[in-house]
Amino acid sequence: MSFNVAVDGPAGAGKSTIARAAAKRLHLIYVDTGAMYRAMGLFVLQSGIDPEDTEAVAELCGRADISIRYQGGEQVVLLNGENVNDQLRTGEVSGVSSVISTVPQVRAKMVSLQKKLAAQCDCIMDGRDIGTCVLPDAQLKVYLTADSGVRAKRRFDELTQKGQDCSLEQIRKDMEERDYRDMHREISPLRQAPDAVLLDTSHMTPEEATERLTDLCREKMG
């Protein structure tokens, strides 16, 4: 049986950064499920359809070949055979991916792929419904969060370092709207699993948060 760690939490809490770093220290595979939804969101944008048109999104989902490969120890997201890693972190893709993630056909496809990945390897998987839906039997579940102002500043810094022009206030507004959508959607809403450890990173450095997650994993691994 594979060893699985489920990390859930809102956008910008540092899930990807911290889970990836902890996985590297523990020689586990890191699976960023958010990147898979972003790839679907990118496909919707490329196709020019309305993200709110659930029937069109559901139909498009059937034509989306989204997979994850590992090259040099790094996760590569493939959309219809193309490496799209460098196209997934824009605000536009984030917004669309949040909207289309509520479409049942999209979630069913992604959850199926995620469960298959987890069954095949020891991994740390992060997202918004991993501990509650995708990996309910994970040996360790962590709900990783931070204050919305802190999360917005982190995302602002990340985007400006890449040379993108953005507004801190708009990022915070978008983030809080996404939190509301994620927490109130009918299918697999974002919430802390009853048996998940709460890890608030508001006043932690990435190194401190990574160390804490690594320690939690080691305790479960024995």
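Would you confirm, using the coordinates I've provided, whether ASP126 is crowded, with 16+ Cβ neighbours inside 10 Å and either charged (D, E, K, R) or assigned to a helix (DSSP H, G or I) (or both)? Taking the combined requirement at face value, the residue satisfies it. Just so you know, in the range 189-222 the residues that are among the small types (Gly, Ala, Ser) and touching a Ser or Thr at 6+ places or on another chain (Cβ under 7 Å) include one that is surrounded by the fewest Cβ atoms within 10 Å (Cβ to Cβ), and it is ALA193.
Within the range 160-182, residues that are acidic (Asp, Glu) reach partners that are part of a helix (DSSP H, G or I) and modelled with pLDDT of 90 or more with beta carbons closer than 6 Å, at six or more positions or on different chains, in the pairs GLU176/SER148. A single member of LEU45, LEU60, LEU28 is closer than 18 Å to GLN139 by Cα and either hydrophobic (A, V, I, L, M, F, W, C) or touching a Lys or Arg at 6+ places or on another chain (Cβ under 8 Å) (or both), and it is LEU28.
Among the residues of the range 39-67, the ones that are touching a strand residue (DSSP E or B) at 6+ places or on another chain (Cβ under 8 Å), at pLDDT below 95 and within 19 Å of SER94 (Cβ to Cβ) come to 2 in all. Pick out the one residue from VAL44, VAL57, VAL77 that is under 30 Å from ASP215 (Cα atoms), of a type outside the set (Lys, Arg) and buried (at least 19 other Cβ atoms within 10 Å of the Cβ). Criteria check complete, one pass: VAL77.
Quick grid of which residues meet (1) of a type outside the set (S, T, N, Q); (2) crowded, with 18+ Cβ neighbours inside 10 Å; (3) under 27 Å from HIS184 (Cβ atoms):
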{"site": "ILE29", "(1), (2), (3)": "yes, yes, no"}
{"site": "GLY72", "(1), (2), (3)": "yes, no, no"}
{"site": "ARG89", "(1), (2), (3)": "yes, no, yes"}
{"site": "SER98", "(1), (2), (3)": "no, yes, yes"}
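Within the range 1-15, the set of residues being closer than 16 Å to GLU208 by Cα and in a loop (DSSP other than H, G, I, E, B) comprises ALA13, GLY14.
Report whether or not ALA108 is buried (at least 19 other Cβ atoms within 10 Å of the Cβ) and of a type in the set (Gly, Ala, Ser). When the stated conditions are applied, ALA108 does not pass them.
The values are calculated or read from the model by the stated rules, or taken from the named source; none is laboratory data. From a predicted model like this one, the values you see are computed outputs, not experimental measurements. With ideal geometry, Cβ positions are generated from the backbone for all residues, glycine too; neighbour counts draw on all protein chains shown.
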